[in-house]
Amino acid sequence: MSRIIPVFIPHLGCTHRCVFCDQNAIAAPQAPSAREVRELIEQALPMAQGGEVAFYGGSFTA
């Protein structure tokens, strides 16, 4: 069974404070660094058994 390695990216470009996605309340406004993301993936890969990396949240257009 393959597994998903989740990486959560905050919506840093959004200036709104909507109840359903207020990043300050949910996850803090700081995004993980590239190094932190790489380390997370490298630690999870041996357990993922050929899994996939999935990016959640964020906006690549903001």
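Observations on the structure shown:
- Members of segment 1-10 found to be in contact with a strand residue (DSSP E or B) (Cβ under 8 Å, 6 or more places away or on another chain) and modelled with pLDDT under 70, listed by number: SER2
- Residue pairs meeting the criteria (Cβ under 9 Å; at least 6 apart or on separate chains; first modelled with pLDDT under 70 and in a helix (DSSP H, G or I), in segment 23-39; second of a type in the set (Gly, Ala, Ser) and surrounded by 11 or more Cβ atoms within 10 Å (Cβ to Cβ)): GLN23/GLY57; ILE26/GLY57
The values are calculated or read from the model by the stated rules, or taken from the named source; none is laboratory data. Since we're looking at a predicted model, the values are computed, not measured. Virtual Cβ from ideal backbone geometry, glycine too; neighbours counted across all protein chains shown.
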